[in-house]
Amino acid sequence: MRRGILGGTFDPPHWAHLVAGEAAFRELDLDVVTFIPAGSPWQKAEREVSHTGHRWAMTSRAVEGVEYFDADDREVRRDGWTYTVDTLAEFSDDEVALILGADAAAGLGSWHRCEEIIDRAEVAVMPRPGTDRELVEATGARVRWLDVPDLAISGTMLRRRRGEGGSIRFFVREAVYAYIVEHDLYAEG
């Protein structure tokens, strides 16, 4: 199976994640794109991350109705820090493309056991405003740039916007937005 793996904090999952998944599915001729919310993301240790249950629920809702997208909860069930290299090992029977935003891909060299990740998976990269392509290319990964427009949407921007009383509707799928409102996530406080 040709599988795209799109992991992340998904705090919250937004349209840029879905656009990256769609582009990778089409351009890399994938069978499925698996969205995996990080359980305890070691690279986010310095900031508070929403509870895994909320991030899992939002991710599940974000991919609903797209037959070639699925959500996988293996990392939110895992104890301790979650590392991409461990998750990739669990898909040993699949040909894998790791789908990343350019900002994340530029930091690939700092990831836990990055050489194994680079050896194991092709890296499909969604351009991100302000990220130099040369930094991504310098990681040594087999990089495939996805043909998508720059989308200046990030979880940080959405959390801040909602926290300031602004609307994030239409930055996320309607089911995700309804969940955020129902559970009062990222609200002014």
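The values are calculated or read from the model by the stated rules, or taken from the named source; none is laboratory data. Quick caveat: nothing in here was measured; it's all calculated off a predicted structure. So basically every Cβ, Gly included, is an ideal-geometry build from the backbone, and we count neighbours across all protein chains shown.
So which residues in the range 149-186 are in a helix (DSSP H, G or I) and farther than 23 Å from THR131 by Cα, if there are any at all?
Quick first cut of the range 149-186, residues in a helix (DSSP H, G or I) only: 155-163, 174-182.
Correct list: ARG162, GLY163, GLU174, ALA175, VAL176, TYR177, ALA178, TYR179, ILE180, VAL181, GLU182.
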Item checked: Residue in the range 13-20 that is at pLDDT below 95 and not acidic (Asp, Glu) present -> no
Note to self: What's the total number of residues in the range 57-71 that are under 15 Å from ALA16 (Cα atoms) and among the hydrophobic types (A, V, I, L, M, F, W, C)?
What the structure shows: 4
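Going residue by residue through the range 74-87, is there one that turns out to be outside any helix (DSSP H, G or I), at pLDDT 95 or above and within 19 Å of the chain's Cα centre (by Cα)?
At the first step, the residues of the range 74-87 found to be outside any helix (DSSP H, G or I) are 78-83.
Subsequent filtering for residues that are at pLDDT 95 or above retains none.
Within the range 74-87, none of the residues are outside any helix (DSSP H, G or I), at pLDDT 95 or above and within 19 Å of the chain's Cα centre (by Cα).
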Notebook entry, point to check: Between residues in the range 97-123 that are under 17 Å from PHE35 (Cα atoms) and residues that are among the charged types (D, E, K, R) and assigned to a strand (DSSP E or B), which pairs lie under 8 Å by C-beta distance while being six or more apart or on different chains?
Noted result: ALA97/ARG2; ALA97/ARG3; ALA97/GLU122; ALA97/ARG144; LEU98/GLU122; GLU122/ARG144; VAL123/ARG144
Notebook entry, point to check: Among the residues of the range 116-151, which ones are loosely packed, with under 15 Cβ neighbours inside 10 Å and either among the hydrophobic types (A, V, I, L, M, F, W, C) or touching a His at 6+ places or on another chain (Cβ under 9 Å) (or both)?
Noted result: ALA138
Note to self: Can you report the number of residues in the range 127-154 which are modelled with pLDDT under 95, within 28 Å of ALA89 (Cβ to Cβ) and under 16 Å from the mean Cα position of the chain (by Cα)?
What the structure shows: 1
